[in-house]
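All of the numbers you see were taken from the coordinates with simple rules; none came from a lab. Computed from a predicted model, the values in this text were never measured in an experiment. Backbone-built Cβ (ideal geometry, glycine too); neighbour counts: all protein chains shown.
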Amino acid sequence: MARPRNFDEDEALGAMVAVFWHHGYDATTMRMLEEATGIGVRGIANVFGDKEAIFLRVLATYHAQARGVVGAVLEPPSLDGVRMLFGSLAAPADGDDVRNSGCLMVNTVFELGRTSAPVREAVEAYRTMWRDAFAACCAAGGVDDPQARGEYLLGLLWGALSQIRLAGRTDAAAPMARIAVETVDGWAAAGV
């Protein structure tokens, strides 16, 4: 007879998100996941699978959380939502938490050469979500060539988030984020 689980799967997954977000795929070990969750390595493997299977669930969880941000800030699509998003990066919250590690998906890009096709597909789906949301905001704002501008905004966002990872502090994104807001303001003013 199987023993009942004595842990909350969602809580454990949340703890694992933080470990991968802070350390990256390559540096994260099963032992680190054990320490973060309080669940033995065997228990983790039995419930979540091997390291890659865990990572794919972590990426899916992170993607779902970001979908919530997109829904809250960029829906309905508008340039004001884009300004709000980048404005929040220009004035980051205080505190030393996992957000000082940047974006889990951006961080994963640096490891893509060493990951599997499913991991690369998860990252591409995440990029597509953001690019499409930005393009919809540009289209709603009457900006010319919304697809290209959406790709540009995605590049700005990922560049700003990579600055956080490199510096280890959320305020490192502020300069790029301020310029992103100025750029969107310019598009709106020019009607391009």
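Helices from the chain with mean Kyte-Doolittle at least -0.5 and a Cα length along the axis of 15 Å or more, per DSSP H: which? Present the calculation step by step, with values, prior to reporting the outcome.
Working: long enough: 9-27 (23 Å, 0.04); 51-73 (33 Å, 0.64); 79-90 (16 Å, 1.04); 117-140 (34 Å, 0.17); 146-167 (31 Å, 0.34); 174-190 (24 Å, 0.62).
Qualifying helices: 9-27, 51-73, 79-90, 117-140, 146-167, 174-190.
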For the stretch 32-171 the mean separation of alpha carbon contacts under 8 Å (6+ apart) over residue count, i.e. relative contact order in percent, is 30 percent
By the Cα gyration tensor axes a ≥ b ≥ c (a/c under 1.5 gives rounded; else a/b larger than b/c gives prolate, otherwise oblate), the shape of the chain is prolate
For the pair residue 139 and residue 60, the simple spin-label estimate (label points 7 Å beyond Cα toward Cβ) gives in nm 2.8 nm
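Would you mind putting 29-39, 158-168, 127-137, 109-119 in packing order, based on average other-beta-carbon counts within 10 Å, highest first? Mind dumping the intermediate values first?
Numbers: 29-39: 16.2, 158-168: 17.9, 127-137: 20.3, 109-119: 12.7.
The most tightly packed comes first, giving 127-137, 158-168, 29-39, 109-119.
How much mean residue ellipticity at 222 nm does the chain get from its helices, if each DSSP H run of length 4 or more adds -39500 (n - 2.57) and you divide by all residues, to the nearest 500 deg cm²/dmol?
Numbers: 9 runs with 139 residues, N = 192.
Computed ellipticity for the chain at 222 nm equals -24000 deg cm²/dmol.
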With Cα springs under 10 Å, the Gaussian network model of the chain assigns the largest mean-square fluctuation among 143, 69, 106 to 69
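Classify the stretch 141-192 as rounded, prolate or oblate from the Cα gyration tensor: take a ≥ b ≥ c as the square roots of its eigenvalues, call it rounded if a/c is under 1.5, otherwise prolate when a/b beats b/c and oblate if not. Present the calculation step by step, with values, prior to reporting the outcome.
Details: a/c = 5.16, a/b = 2.09, b/c = 2.47.
Cα axes put the stretch 141-192 in the oblate bin.
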